[in-house]
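Report on the following structure.
What follows draws every value from the coordinates through simple rules; no lab data is involved. On a predicted model such as this, the values are computed, not experimentally measured, just so you know. For neighbour counting, all protein chains shown are included, and Cβ atoms are generated from backbone atoms with ideal geometry for every residue, glycine included.
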């Protein structure tokens, strides 16, 4: 891997991105056809998610990622200096780990693919340990790399097993230089205890996200447009990722905008179900939705502050409107809460109990209020703020959990010289 230039890897990844966007590409077809069986997502949902990810793999975007995280496009190739380092007579080179291990989660396929991309850019040999029954997408991506460049593809190994198998994990952890762990806080804690002290650990725990729509946003964009964007965020990967919304907070004055928004959102999710259907659910997941629906139907029958809209005869989608702004964790799979608030301060008070867990806020606001809102959210602790409709579509260069994904993988060597 050491003899590979950054530019050659970028060009390979950009070409891969183009191929995976081609409906006729064999690995894409296999991912969509076989992925529905393995993951439970519908073919349409998988196709949408793959398009969102692979559109980001362009030469321009990958170069921007390296410059953003490492300060210089040649930082992985040679000792280089940006403008500020040159002033202090320093050069620096960034070096990736010899063996990078990824402990991948099983809820979504895209994070594992992104991890592989980061590992390739830093020239690391990679071992991806997938959750049981969740290795199809990483395997197909690795095979597509191997087809384009067998030597590069040979530096990637994919495996799956039930976590906790000491006889497999102990030698793997000992050999690793760096390990990324994506999963629940409990998984991260348990795995981290068994990793040797000399190995760098990069954890990505469970997060939650929500949307916020200001009153002025409705005056600049019509209700239908905002509802359509919110429905995209809910439907993408069936709301199963850390970046998916659990609640949409709607700022309202004397008009009951939140209730109107909730009703229209139900209609939009019903339309979306026809051409991007939700995937099949396990019995426990379907039961969870049914039980929660029943709870809110009883509440709605006795309290005008609660209303429910739901798909007829199925658990395909559910919208619950509540006056109470307290954040509610959704049971996911297109089950969404809509809550009315007077201001952003109301939202922050309502989500305070889960403050350390908040990842993304999907924001719809007037141009002249966005910056102020974003600054307030940032100071409060939100790691990513994006437009409505883009919550599950982060840039390849996004700072995962507020940290630079590429920069965390490397170590630095500085060369200081006389003035």
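Key figures for this structure:
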{"read-out": "With Cα atoms, 0 to 90° folded angle of helix 26-39 axis to the chain main axis", "value": "50 degrees"}
{"read-out": "Which of 98, 69 has the fewest Cβ neighbours within 10 Å, and the rest in rising order", "value": "98, 69"}
{"read-out": "Isotropic mean projected area of the C-alpha convex hull, the stretch 208-387 (nm²)", "value": "9.8 nm²"}
{"read-out": "Relative contact order %, the chain, counting alpha carbon pairs below 8 Å whose residues are six or more apart", "value": "19 percent"}
{"read-out": "Segments 392-400, 109-117, 81-89 sorted - mean Cβ within 10 Å per residue, highest first", "value": "109-117, 392-400, 81-89"}
{"read-out": "Space enclosed by the convex hull of the alpha-carbon atoms of the stretch 149-303, per residue, Å³", "value": "222 Å³"}
{"read-out": "Mean separation of Cα contacts under 8 Å, 6 or more apart, over the residue count of the stretch 208-387: relative contact order %", "value": "30 percent"}
{"read-out": "Equivalent ellipsoid semi-axes - Cα gyration tensor, the stretch 215-319, angstrom", "value": "23, 19, 12"}
{"read-out": "Isotropic mean projected area of the C-alpha convex hull, the stretch 328-399 (nm²)", "value": "5.7 nm²"}
{"read-out": "The chain - share of DSSP beta bridges that are antiparallel (%, nearest 5)", "value": "20 percent"}
{"read-out": "Convex hull projection area averaged over all views, the chain, Cα basis, nm²", "value": "22.2 nm²"}
{"read-out": "Within the stretch 278-419, percent of DSSP bridges classed antiparallel, to nearest 5", "value": "35 percent"}
{"read-out": "Cα shape, the stretch 35-76, gyration tensor, a/c 1.5 rule", "value": "prolate"}
{"read-out": "Percent of Cα pairs exceeding the 22 Å cut-off, where the set is the stretch 1-157", "value": "44 percent"}
{"read-out": "Efficiency of FRET from Cβ geometry, residue 401 and residue 91, R₀ 30 Å, rounded to 0.05", "value": "0.50"}
{"read-out": "Neighbour-count order for 233, 78, fewest beta carbons within 10 angstrom listed first", "value": "78, 233"}
{"read-out": "Ellipticity estimate at 222 nm from DSSP helix runs (n ≥ 4, -39,500 (n - 2.57)) divided over the chain, nearest 500", "value": "-13500 deg cm²/dmol"}
{"read-out": "Gained length - residue 255 relative to residue 82, 0.36 nm times residue gap less alpha-carbon distance", "value": "56.9 nm"}
{"read-out": "Prolate/oblate/rounded label for the stretch 91-215 (Cα gyration tensor, a/c 1.5)", "value": "rounded"}
{"read-out": "Footprinting exposure proxy for 369, 33 (fewest neighbouring C-beta atoms within 10 Å first)", "value": "33, 369"}
{"read-out": "Cα shape, the stretch 145-232, gyration tensor, a/c 1.5 rule", "value": "prolate"}
{"read-out": "Point-to-point label distance, residue 220-residue 355, nm (Cα→Cβ direction, 7 Å offset)", "value": "2.8 nm"}
{"read-out": "Estimated FRET transfer efficiency (residue 21, residue 190; beta-carbon r; R0 60 Å; 0.05)", "value": "0.95"}
{"read-out": "Two-site label geometry, residue 37 and residue 174: point separation in nm, points 7 Å out along Cα→Cβ", "value": "3.8 nm"}
